[in-house]
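What follows is one structure encoded as structure tokens, with my remarks underneath.
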Amino acid sequence: MPSPHSGAQLARQALADRLRELRLDAGLTSRALAAAAGWHEAKTSRIEHGKKAPSEADVRAWADACGRAELVAELIAELRAADSMWLDWRRAERSGLKHLNVAVRDLYERTRRFRIYSSVMIPGPVQTADYVTAVLTAIRRRRGVTVDDVAAAVAERMARQHIVYEGDHRFAILLEEGTLKMRIGGPAVLAGQLRHLLAIQNLPSMALGIIPADADRSAYWPVEMFFCFDDAQVNVELVSGFLTVTSPREVAMYTDGFADLAASAVYGQQARELIVSALEALG
């Protein structure tokens, strides 16, 4: 897998490299471009070496100085894409949790093939209302989210689950066996969640795999939780923020990684036995 922030870093550096090429193609020195743009020469160097992210105004001034004003819209689009790759939870959750769930509604609706891997918890598309309530309540408390819209966020996430039952969406979900024993919300909530997994396991849209705790992990060990949306985008949930990967090369690394993880999983009756065992252990 790529490092968590590599996609954002690569996107920013790719833009910096392109700006440098524009300057060189225009026959401008760093000093000349800085003079034309109205800033210190050191700023040009910091932007080109990826040490400073340019603003939209900087990009516009850079293109104008190089005589390539027709590229402004394209360059700003690249800048915005790079900026949107990494989302800090503290910034994203200032106004509550519902809007984050609403923001991905269209992505879920248009995706036809979902590949989801989790080493930590049961993922959103197959969560029960009680389970997601426990998850979001814990997130709100841990991250100090001042707006209490957990109930609205839960309703949004549950409404989104219609795609599990309707349309031509297909889900391949891989869970580490440990996720079946993670007592999020307590034993009763987990028991309800495990019974839900048993209920949806045989849905036409669902391929549920469990990676046993005693599986040989020499080739591929547990990694961060990630969601593949078709072959277009990967979302990775981390402690400090949320990473969106759209680079085809990096998306392929995640989809290839998913295939390798899937090779260690069990399905059908064997997966069912692991879920039942976890349920029985709750008493």
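Is it fair to say Arg160 is closer than 20 Å to Val236 by Cα, within 18 Å of the chain's Cα centre (by Cα) and without any contact (Cβ under 8 Å) to a residue 24 or more places away in the chain? Working first, answer last.
Numbers: closer than 20 Å to Val236 by Cα: yes; within 18 Å of the chain's Cα centre (by Cα): yes; without any contact (Cβ under 8 Å) to a residue 24 or more places away in the chain: no.
So Arg160 fails the test.
Here are the criteria: (1) without any contact (Cβ under 8 Å) to a residue 12 or more places away in the chain; (2) not assigned by TED's automatic domain parsing to the domain that holds Leu174. Tell me which single one Arg60 does not satisfy.
Of (1) without any contact (Cβ under 8 Å) to a residue 12 or more places away in the chain; (2) not assigned by TED's automatic domain parsing to the domain that holds Leu174, only one is false for Arg60: (1).
Residue-by-condition table, conditions (1) assigned to a strand (DSSP E or B); (2) touching a Cys at 6+ places or on another chain (Cβ under 6 Å); (3) surrounded by fewer than 19 Cβ atoms within 10 Å (Cβ to Cβ):
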| residue | (1), (2), (3) |
| --- | --- |
| Ala81 | no, no, yes |
| Arg90 | no, no, yes |
| Ser95 | no, no, yes |
| His99 | no, no, yes |
| Asp106 | no, no, yes |
| Glu109 | no, no, yes |
| Arg115 | yes, yes, no |
| Val120 | no, no, yes |
| Val132 | no, no, no |
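Of all residues in the range 169-188, which are small (Gly, Ala, Ser) and in a helix (DSSP H, G or I)?
Here is the first cut: in the range 169-188, the ones small (Gly, Ala, Ser) are 172, 178, 185-186, 188.
Of everything in the range 169-188, those that are small (Gly, Ala, Ser) and in a helix (DSSP H, G or I) turn out to be Gly178, Ala188.
Out of all the residues in the range 122-129, is one or more assigned by TED's automatic domain parsing to the domain that holds Val251, surrounded by fewer than 19 Cβ atoms within 10 Å (Cβ to Cβ) and either over 28 Å from Tyr254 (Cβ atoms) or of a type in the set (Gly, Ala, Ser) (or both)? Steps first, answer last, please.
Residues of the range 122-129 assigned by TED's automatic domain parsing to the domain that holds Val251: 122-129.
From what is left, the residues that are surrounded by fewer than 19 Cβ atoms within 10 Å (Cβ to Cβ) are 129.
If we keep only those that are either over 28 Å from Tyr254 (Cβ atoms) or of a type in the set (Gly, Ala, Ser) (or both) as well, we get 129.
Among the residues of the range 122-129, at least one is assigned by TED's automatic domain parsing to the domain that holds Val251, surrounded by fewer than 19 Cβ atoms within 10 Å (Cβ to Cβ) and either over 28 Å from Tyr254 (Cβ atoms) or of a type in the set (Gly, Ala, Ser) (or both), which makes the answer yes.
Can you tell me which residues in the range 208-252 are of a type in the set (Ser, Thr, Tyr) and out of contact with any Leu (no Cβ under 6 Å at 6 or more places or on another chain)? Before the answer, list the steps.
Keep residues of the range 208-252 that are of a type in the set (Ser, Thr, Tyr), which gives 218, 220, 240, 244, 246-247.
Across the range 208-252, the qualifying residues are Ser218, Ser240, Thr244, Thr246, Ser247.
Given Ala191, Ala199, Ala207, which one is more than 29 Å from Trp86 (Cα to Cα) and assigned to a strand (DSSP E or B)? Explain how you work it out, then say what you get.
Working: Ala191 fails: assigned to a strand (DSSP E or B); Ala199 fails: assigned to a strand (DSSP E or B).
Sole residue among the options that is more than 29 Å from Trp86 (Cα to Cα) and assigned to a strand (DSSP E or B): Ala207.
The values are calculated or read from the model by the stated rules, or taken from the named source; none is laboratory data. Note that this is a predicted model, so its numbers are computed, not measured. Reconstructed Cβ throughout: ideal geometry from the backbone, glycine too, with neighbour counts over all protein chains shown.
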